[in-house]
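The structure appears below as structure tokens.
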Amino acid sequence: MSGWVVKITKAGNFTAPKLYAVAEADPRRALYLVNKAADGAPPADRVETVGELSPDAVHNLGLGPEEIRDVTANPPAH
């Protein structure tokens, strides 16, 4: 199972984006899952995929299907 790294940038605060690893192969579904986990980012926030995760990277993060992890402090290599 592959996944995505999703970035949420708060409106007006471009220096402190949050990064999430998501065990979901579909990039649109990954965006949806992160947005849902973040309690619905406000419309002015930017939510975007920034890199695909290999199956090995997802496994090394210990993520199960549709699982999300905040990786802001230690982003995985994709």
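Overview of results
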| quantity | calculated |
| --- | --- |
| Residue satisfying all of: in region 17-33; open to solvent by less than 40 Å² (accessible area, probe 1.4 Å) and without any contact (Cβ under 8 Å) to a residue 40 or more places away in the chain; nearest to residue 54 (Cα to Cα) among these | 30 |
| In region 4-51, the residues that are among the charged types (D, E, K, R) and touching a Gly at 6+ places or on another chain (Cβ under 7 Å) | 24 |
| Qualifying residues in region 1-18 (those that are among the small types (Gly, Ala, Ser) and modelled with pLDDT under 95) - the one nearest to the chain's Cα centre (by Cα) | 16 |
| Tally, over region 49-76, of residues that are over 10 Å from residue 5 (Cβ atoms), aliphatic (A, V, I, L, M) and over 11 Å from the mean Cα position of the chain (by Cα) | 4 |
| Selection from region 49-78 of residues that are open to solvent by 40 Å² or more (accessible area, probe 1.4 Å) and assigned to a strand (DSSP E or B) | 49, 50, 52, 68, 69, 70 |
| Qualifying residue in region 2-16 (condition: open to solvent by less than 50 Å² (accessible area, probe 1.4 Å), among the small types (Gly, Ala, Ser), at positive phi and in a loop (DSSP other than H, G, I, E, B)) | no |
| Members of region 19-48 found to be modelled with pLDDT of 95 or more, part of a loop (DSSP other than H, G, I, E, B) and under 10 Å from residue 6 (Cβ atoms), listed by number | 24 |
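The values are calculated or read from the model by the stated rules, or taken from the named source; none is laboratory data. Computed from a predicted model, the values in this text were never measured in an experiment. Cβ atoms come from the backbone with ideal geometry, glycine included; neighbour counts cover every protein chain shown. Side chains included, ligands, DNA and RNA excluded: accessible areas come from the protein's heavy atoms. Shrake-Rupley method; radii C 1.70, N 1.55, O 1.52, S 1.80 Å.
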